[in-house]
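Colleague: First the structure, then my questions, so here it is.
The values are calculated or read from the model by the stated rules, or taken from the named source; none is laboratory data. Just so it is clear, the model here is predicted, and its values are computed rather than measured. Glycine gets a Cβ as well: all are built from the backbone with ideal geometry, and neighbour counts include every protein chain shown.
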Amino acid sequence: MNHLQKKDLKYHWHPCRTLKNLEKNPPFIVKKASGCYIESIDGHRVIDGISSWWCKSLGHNHPRLTAALLAQTNRFEHVISTTTTNQTIIELSEMLVKLVPGMGKVFYASDGSSAVEIALKMSLHSRVNQGEKRRNKFLSLSNGYHGETCGALSVTHGDNFKKVYSSLLFDCAFIEGIPYVNSSNDALWHDCSGHWTKVQDFLQYHAKETTALILEPIVQGAGNMKIYSQDFLKRLRAWTKNHNIHLIADEIMTGIGRTGKMFACEHAEITADFMCLSKGLTSGYFPFSAVLTNNDIYNCFYDKTGLDEIFYHSHTHSGNALGANLALETLKILKEDFDWEAFHANTAYLLQSLQKVAEETKILSNVRGIGMIAAADIKQDAYSPDRMRDMIHIAFQNGALLRPLGKTIYWLPPLNIHKRMIDDLQGITKRALLRAFK
């Protein structure tokens, strides 16, 4: 370790790391980042194969986004949004609403988990304002992830994230039997009727007390990048409508083009009652999130004056002008100055490249992908946590930042990655797998 790494470990508590293991594999000291690359102070350059926790949709240090940030800083950086507004937030709100049919209003926060909390609270609060106090439960998908604040964690599935904090959380019912697919070419993608009967029986049991069903549309990110049937999503939306249950679409990872559509809900041609956005919304430049909802929800609060009727969720930086201008510029770039033809060609190439790694190494199975996401699982007889850690380290030494999820390795690079960088990812991943799992 160099002196900076030693000082970092002395004072800095890193998230999601086995802390003692940091001494063996100390953190990479970043000097600069540009496009799909991150560079250390000693000149070592790596491809950001995970978009820095899935948020760098347009890569690092995009010139238009940097200019937008500086331009807004020169005007003003933040003013309380409860009693003021500005041209940037008005334009962004209008653009977001027009992007999603059926939506009418946007509520802003600081990060993805906060957006989920807002959607959960809005749904529940709207029921109270309508006199539907019996509707106070939530449904979610097994294997789903929605964040690590208490409400978001309550509707997240799996003990890995929540077991220690169970005394802080509320109960949530989780839907099993999800029809997973490897691509949009799978038969289940188009018709999951064989899976639906059992799921429908479970849903009916919870129908009368449920206020909302929350899900990650199409791709479950932290749940090992599993992809499920668009027909399943379509059926869930129809069921929630028929039973007066809100649908909350957590598009924090899947939104802003990641799955090949602007929003993953578009694969099933559905609109939710709430849509949560963050991560790629500002291309990871700034902590900023948004909750879109429809005017029916808004009207549940419109003429209310009682202290228990007004929606109190007062984030200090709600509607922060720096984040708003970055989000606005991100959407303008994707609309005006993004090569969608190259993107779609590269998404197919990304999946083909990982399939090639699987064929040549014989170490991977269940190769899957959609949009700018490709994932595969280490075969059971080959996997060990130590080997996986070795693979990460070898890949990093060879020029790629990867961060597997359990037994799953995945590529989730910026949307504007070039084909030659995908070739590099392929070669680096192959070499790392062969060395670590030999």
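Colleague: Which pairs turn up if I take residues in segment 299-317 that are among the small types (Gly, Ala, Ser) and look for partners that are in a loop (DSSP other than H, G, I, E, B) with beta carbon separation below 8 Å, at least 6 apart in sequence or on another chain?
Modeller: Within 8 Å, the pairs are Ser314/Thr82.
Colleague: What number goes with the only condition from (1) surrounded by 19 or more Cβ atoms within 10 Å (Cβ to Cβ); (2) in contact with a helix residue (DSSP H, G or I) (Cβ under 8 Å, 6 or more places away or on another chain); (3) of a type in the set (S, T, N, Q) that Ser318 does not pass?
Modeller: (2)
Colleague: Follow-up question, since we're still on this one. Hey, Asn21 hits all of (1) part of a loop (DSSP other than H, G, I, E, B); (2) more than 18 Å from Leu326 (Cα to Cα) but one; which does it fall short on?
Modeller: Going through the list (1) part of a loop (DSSP other than H, G, I, E, B); (2) more than 18 Å from Leu326 (Cα to Cα), Asn21 breaks only (1).
Colleague: Where residues in segment 318-337 are over 21 Å from the mean Cα position of the chain (by Cα) and not aliphatic (A, V, I, L, M), which of them is farthest from Ser93 (Cα to Cα)?
Modeller: Taking the candidates together, the pick is Asp337.
Colleague: Oh, and also: What number of residues in segment 372-425 are part of a helix (DSSP H, G or I), out of contact with any strand residue (DSSP E or B) (no Cβ under 9 Å at 6 or more places or on another chain) and under 30 Å from Ile333 (Cα atoms)?
Modeller: The number of residues fulfilling the criteria is 3.
Colleague: Something else now. Kindly indicate the residue of segment 42-64 that is at positive phi and polar (S, T, N, Q) and also surrounded by the most Cβ atoms within 10 Å (Cβ to Cβ) among those meeting that condition. Can you show your working first?
Modeller: Initially, segment 42-64 is screened for residues at positive phi, giving 43, 51-54, 59, 61.
Now narrow it down to the ones that are polar (S, T, N, Q): 51-52, 61.
Working: Ser51: 27, Ser52: 18, Asn61: 14.
By that ranking, first place goes to Ser51.
Colleague: If you check Ser365 against the conditions, is it surrounded by fewer than 18 Cβ atoms within 10 Å (Cβ to Cβ), in the same structural domain as Gly255 (by TED's automatic domain parsing) and more than 22 Å from His418 (Cβ to Cβ)?
Modeller: Numbers: surrounded by fewer than 18 Cβ atoms within 10 Å (Cβ to Cβ): yes; in the same structural domain as Gly255 (by TED's automatic domain parsing): no; more than 22 Å from His418 (Cβ to Cβ): yes.
So Ser365 fails the test.
Colleague: Let me ask you something else. What's the number of the only condition in (1) in a strand (DSSP E or B); (2) within 19 Å of Tyr37 (Cα to Cα); (3) not hydroxyl-bearing (Ser, Thr, Tyr) that Asn346 fails to meet?
Modeller: (1)
Colleague: Can you go through Ala345, Ala395, Ala400, Ala374 and tell me which one is modelled with pLDDT of 95 or more, over 21 Å from Trp53 (Cβ atoms) and not polar (S, T, N, Q)?
Modeller: Details: Ala395 fails: over 21 Å from Trp53 (Cβ atoms); Ala400 fails: over 21 Å from Trp53 (Cβ atoms); Ala374 fails: over 21 Å from Trp53 (Cβ atoms).
Answer to the check: Ala345.
Colleague: If I filter segment 267-315 down to residues being in contact with a His (Cβ under 7 Å, 6 or more places away or on another chain) and assigned to a loop (DSSP other than H, G, I, E, B), which single residue comes out as surrounded by the most Cβ atoms within 10 Å (Cβ to Cβ)? Even if it seems obvious, please write down each step before you answer.
Modeller: Filtering segment 267-315 down to residues in contact with a His (Cβ under 7 Å, 6 or more places away or on another chain) leaves 273-274, 283, 311.
From what is left, the residues that are assigned to a loop (DSSP other than H, G, I, E, B) are 273, 283, 311.
Numbers: Asp273: 25, Ser283: 27, Phe311: 17.
Per the criteria, the residue is Ser283.
Colleague: Return yes or no: is Leu354 crowded, with 22+ Cβ neighbours inside 10 Å and assigned to a helix (DSSP H, G or I)?
Modeller: Values: crowded, with 22+ Cβ neighbours inside 10 Å: yes; assigned to a helix (DSSP H, G or I): yes.
So Leu354 fits the description; yes.
Colleague: Considering only residues that are of a type in the set (A, V, I, L, M), surrounded by 20 or more Cβ atoms within 10 Å (Cβ to Cβ) and out of contact with any helix residue (DSSP H, G or I) (no Cβ under 7 Å at 6 or more places or on another chain), which ones fall in segment 125-145?
Modeller: Leu141
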